[in-house]
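Chemist: Pasting a structure here, questions to come.
The values are calculated or read from the model by the stated rules, or taken from the named source; none is laboratory data. What you see is a predicted model, and the numbers here were worked out from it, not measured in a lab. All Cβ positions, glycine included, derive from the backbone under ideal geometry; neighbour counts span all protein chains shown.
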Amino acid sequence: MSIIVGLTGGIGSGKTTVAKLFEKQGIPIYIADERAKMIMERPDVIQAVQQIFPTSVMNERGLLDRSKIKQLVFDNQKLLDQLNQVVHPQVKKDFDDWLIQHRDYPIVLKESAILFESGLEKTCDVVIVVVAPEEVRIERVMARDGVSKEQVLKIIDNQMKDAEKVKRSQYIIENNNKKIVESDIIAIIRDINLKNHLI
């Protein structure tokens, strides 16, 4: 059975970039957000999600309008909970299937922005948190998503604080310098291998 490594971090921390550096080291990566996007294109999921909302959340192609859904759930915890009740079990099943396909790998990595918030850390053997200075995170998200500083700060305020994630993680990666991050990743993989007698 593979060692499941959870990878998380706040918006703009660069966790997907870090995940891809793990992939370079031969570790298969499961990007929960990317897989959730694919799952939300399935007809059964589209129908279940549409039933949650009083207005149409579909675009002209008959697919879910993710930006409209984001706006509707942003300040509405009840709607967000209902959405999560539809999507999270599907993502869990998808990961379980993916895990079977990758069972020959000693280590696999699951990247999720809401690893702790959704209780997914319970399915991981070890958790790594990616952190970066707030101003760096703000700049990254503004450049990537074309949003204002205020919008990014609002998202950061709504997420679990880095200090709490650090407390609940076994490893911390400070994502400021790619070369240092790459050597940190090699050291972490080696440590996980040693602790689990894989080398």
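Chemist: If you check E111, E135, E121, E117, which single one turns out to be more than 26 Å from A36 (Cα to Cα) and of a type in the set (D, E)?
Modeler: E135
Chemist: Then there is this: Six or more apart or on different chains, Cβ atoms under 7 Å: show the pairs whose first residue is in the stretch 12-29 and part of a loop (DSSP other than H, G, I, E, B) and whose second is of a type in the set (D, E).
Modeler: none
Chemist: Could you check the stretch 44-63 and list, in sequence order, the residues that are touching a strand residue (DSSP E or B) at 6+ places or on another chain (Cβ under 8 Å) and polar (S, T, N, Q)?
Modeler: Q50
Chemist: Which one of these does A48 not meet: (1) surrounded by 12 or more Cβ atoms within 10 Å (Cβ to Cβ); (2) assigned to a loop (DSSP other than H, G, I, E, B); (3) of a type in the set (G, A, S); (4) outside the structural domain of K165 (by TED's automatic domain parsing)?
Modeler: For A48, the failing item is (2).
Chemist: Whether any residue in the stretch 52-69 is surrounded by fewer than 11 Cβ atoms within 10 Å (Cβ to Cβ) and under 24 Å from K165 (Cβ atoms) is what I want to check. Explain how you work it out, then say what you get.
Modeler: Residues of the stretch 52-69 that are surrounded by fewer than 11 Cβ atoms within 10 Å (Cβ to Cβ), as a first pass: 54-56, 60-62, 67.
Restricting the remaining residues to those that are under 24 Å from K165 (Cβ atoms) gives none.
Among the residues of the stretch 52-69, not one is surrounded by fewer than 11 Cβ atoms within 10 Å (Cβ to Cβ) and under 24 Å from K165 (Cβ atoms), which makes the answer no.
Chemist: Do you know which residues across the stretch 162-184 are among the hydrophobic types (A, V, I, L, M, F, W, C) and in contact with a strand residue (DSSP E or B) (Cβ under 7 Å, 6 or more places away or on another chain)? Spell out the reasoning first.
Modeler: As a first pass, look at the stretch 162-184 and keep what is among the hydrophobic types (A, V, I, L, M, F, W, C): 163, 166, 172-173, 180-181.
Those that are among the hydrophobic types (A, V, I, L, M, F, W, C) and in contact with a strand residue (DSSP E or B) (Cβ under 7 Å, 6 or more places away or on another chain): V166, I172, I173, V181.
Chemist: Go through L79, L7 for me and flag whichever is assigned to a helix (DSSP H, G or I), among the aliphatic types (A, V, I, L, M) and touching a Leu at 6+ places or on another chain (Cβ under 9 Å).
Modeler: Numbers: L7 fails: assigned to a helix (DSSP H, G or I).
Checking each option against the conditions leaves just L79.
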